[in-house]
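These notes are about the structure you will find just below.
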Amino acid sequence: MAKGLLIILSGPSGVGKGTVRAKLFEDESLNLAYSISMTTREARPGEVNGRDYFFVDRETFEKKVAEGGLLEHAEFVGNYYGTPKDHVEELLNAGKNVLLEIEVQGALQVMAKCPHALTIFLVPPSMEELERRIRGRRTESEEIVRQRLAKAEREIKTKDNYKHVVVNNTVDQAATDIAAIIKTQLQAAQ
Ligand code: 5GP
């Protein structure tokens with residue numbers, strides 16, 4: 001069976017990656033599977049362990065790193081995040097197109113290991129809009145909001161490392177653009 005396509009979706013915190021991803025998953029013809037990350041961050045209200053993330057303590061995370069169980073990992077605003085390797089491999093071998101929604105340090109690690117990965121960076125229409133979206137979440141302290149905004153500015157500067165940059169003006173338009181990019185890549189691989 002042909003292996004599936006590995007897709008990296010990055011973009012600053014608050015840009016709307018999760019919402020765009022949910023829209024993309026409505027299109028069954030894309031044959032997508034989501035790689036659930038492991039993190040040491042606290043779950044936000046409404047987040048479910050094993051669906052949104054595997055929420056673990058630092059010790060468990062560090063053990064996973066030491067075992068070589070992560071495809072990539074990074075520290076982001078005081079917490080660890082990483083992609084469990086086995087699950088991604090199983091899904092790719094089953095022919096699924098696997099979406100990693102990860103920040104830029106981790107994305108660079110995956111690009112080095114998997115140069116054929118399809119890489120997409122989602123940008124906000126403006127920094128003002130990004131700030132509005134991050135503040136709109138209302139689950140984080142002012143200090144964390146400021147750290148996430150400063151991080152976003154640094155992350156956006158790395159967008160040229162990605163094969164495609166998509167502006168998230170509206171969820172529908174961004175999802176349509178990304179679906180078209182994925183379909184073009186899948187056709188080229190046939
Ligand atoms: P949040 O705390 O807002 O859920 O995520 C913070 C950042 O970490 C986001 O940019 C998100 O895409 C990224 N992220 C989520 N999972 C992973 C992962 O497994 N690896 C890496 N490197 N980043 C991740």
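The values are calculated or read from the model by the stated rules, or taken from the named source; none is laboratory data. Values in this document were obtained by computation on a predicted structure and should not be read as measured data. For neighbour counting, all protein chains shown are included, and Cβ atoms are generated from backbone atoms with ideal geometry for every residue, glycine included.
A few notes on this one:
- Output for region 138-162, where each listed residue is under 29 Å from residue 182 (Cα atoms) and loosely packed, with under 14 Cβ neighbours inside 10 Å: 153, 154, 157, 160, 161
- Condition check for residue 65: touching a Leu at 6+ places or on another chain (Cβ under 9 Å) and of a type in the set (A, V, I, L, M): no
- Flag for residue 122 being modelled with pLDDT of 95 or more, surrounded by 16 or more Cβ atoms within 10 Å (Cβ to Cβ) and within 21 Å of residue 52 (Cβ to Cβ): yes
- Residues in region 1-28 that are assigned to a loop (DSSP other than H, G, I, E, B) and in contact with a Gly (Cβ under 8 Å, 6 or more places away or on another chain) were compared, and the one that is farthest from residue 126 (Cα to Cα) is 1.
- Any hit, region 5-20, residues being without any contact (Cβ under 8 Å) to a residue 60 or more places away in the chain and either within 11 Å of the ligand (Cβ to nearest atom) or among the hydrophobic types (A, V, I, L, M, F, W, C) (or both): no
- Of all the numbered requirements in (1) at pLDDT 95 or above; (2) in contact with a strand residue (DSSP E or B) (Cβ under 8 Å, 6 or more places away or on another chain), residue 89 misses one, and that requirement is (2).
- Only residues that are more than 14 Å from the ligand (Cβ to nearest atom), part of a helix (DSSP H, G or I) and either in contact with an Asp or Glu (Cβ under 9 Å, 6 or more places away or on another chain) or among the β-branched types (Val, Ile, Thr) (or both) were counted across region 136-182, and they come to 7.
- The set of residues in region 109-131 that are in a helix (DSSP H, G or I), touching a residue at least 12 places away in the same chain (Cβ under 8 Å) and more than 9 Å from the ligand (Cβ to nearest atom) comprises 111, 113, 127, 130, 131.
- Filter pass, residue 103 being over 24 Å from residue 16 (Cβ atoms) and not polar (S, T, N, Q): no
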